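One structure is given below, encoded as structure tokens.
Each value in this text was obtained by applying a stated rule to the coordinates, not by laboratory testing. Predicted, not measured: the structure shown is a model, and the values here were computed from it. Here Cβ is always computed from backbone atoms with ideal geometry, including for glycine, and neighbour counts include all displayed protein chains.
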Amino acid sequence: MNCQPWLKSLVYKCTNIDHSCSLCNEPAEQPYPLCGACEHELPWLDEYCLRCALPLPMAGLTCGQCSRRAPAFDQVIAPWHYGFPLDTLVSRFKHDSQWPVGRLMAELLSLNLRHRFQEGLLKPALLLPVPLARRRLRERGFNQAGMLARWLSKGLGIRCNERLLLRTRETPAQQSLDARARRRNLRQAFALAHEVSLAGMHVAVVDDVLTTGATAQAIAQLLRRAGAGRIDVYCLARTAKPGQA
């Protein structure tokens, strides 16, 4: 897929463009650490479900699952589908603690969102990162969703609250489970840190990758019960259905 025109307006505060590409280590020759060739190869998500951002063969459609049963969240925003080389960048950020790579992706997501706001997407009042369980947080040392939310908060001028959402119990890693097991795994896995009214508030949940949507659904249901009026989900990438290219 071709790189997006709005990406060219990305300007880092630093005027030095002597970067190496975060993917191929060649000179980037751009104001951000990504060369033109690798930027072109990123798996841009151009055709997707209007509700959950599931990759689809055509643009402007709603997937069968969302048509049959609308999710608790209103819309998922993701610039990419989860494919090479974006999956490599996410893994390096999430599992190898390569924070500059995460910062780069957050900057690109922020620019994508600013472009969508200009095109009419409603801007939320609050960003809420998906929380990690305590054990996993100790093991990893950081919450990648929390870092993304902080960077987005700064780039978009939207308040971020990293303490409102809690992971209340340890659960098996979602990666090893199918869609039905993921939903069971997340029952009563989230809570609010204190009783709060979100009456009519527009909030956005922040995560790195949306796979089946089970996590987003569980959190959105919780936020609906607290009165949230609109719930969007901001993430770096959306996976395709198993077996789908």
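Tabulated data
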| read-out | value |
| --- | --- |
| Distant-in-sequence amide H partners of Phe73 (H built 1.01 Å from N, under 5 Å) | none |
| Under 5 Å, built H, 5+ apart or other chain: amide partners of Cys160 | Leu127 |
| Distance between modelled label sites at Lys241 and Arg68, nm, 7 Å Cα→Cβ extension | 1.0 |
| Cα gyration tensor category, rounded, prolate or oblate, for segment 55-167 with a/c compared to 1.5 | rounded |
| Rounded to whole Hz, the Karplus (6.51, -1.76, 1.60) HN-Hα couplings of segment 56-70, x for glycine and proline | 10, x, 9, 7, x, 10, 10, 5, x, 5, 5, 5, 6, 8, 5 |
| Phi-based couplings in Hz for segment 225-232 (Karplus 6.51, -1.76, 1.60; Gly and Pro marked x) | 5, 7, x, 4, x, 9, 10, 9 |
| For Trp80, Trp151, Trp44, order by how many other beta-carbon atoms lie within 10 Å, fewest first | Trp44, Trp151, Trp80 |
| Contour minus Cα-Cα distance for Ala37 and His194 (0.36 nm per residue) | 51.7 nm |
| Hz values of 3J(HN,Hα) by residue in segment 125-139 - Karplus curve (6.51, -1.76, 1.60), Gly and Pro given as x | 9, 8, 9, 10, x, 5, x, 9, 5, 4, 5, 5, 5, 5, 5 |
| Estimated inter-spin distance, Leu50 and Gln221, nm [label 7 Å along Cα→Cβ] | 2.6 |
| Computed FRET value (nearest 0.05) for Arg230 with Cys24, which takes r as the C-beta separation and R₀ as 30 Å | 0.15 |
| Sorted by Cβ neighbour density within 10 Å, fewest at the top, the residues His202, His194 | His194, His202 |
| Sum of side-chain charges, Gln75 neighbourhood, beta-carbon under 15 Å (Lys, Arg +1; Asp, Glu -1) | +2 |
| Residues whose placed amide H lies under 5 Å from that of Ala240, excluding near-sequence neighbours | Tyr82 |
| Which of Glu162, Glu39 has the fewest Cβ neighbours within 10 Å, and the rest in rising order | Glu162, Glu39 |
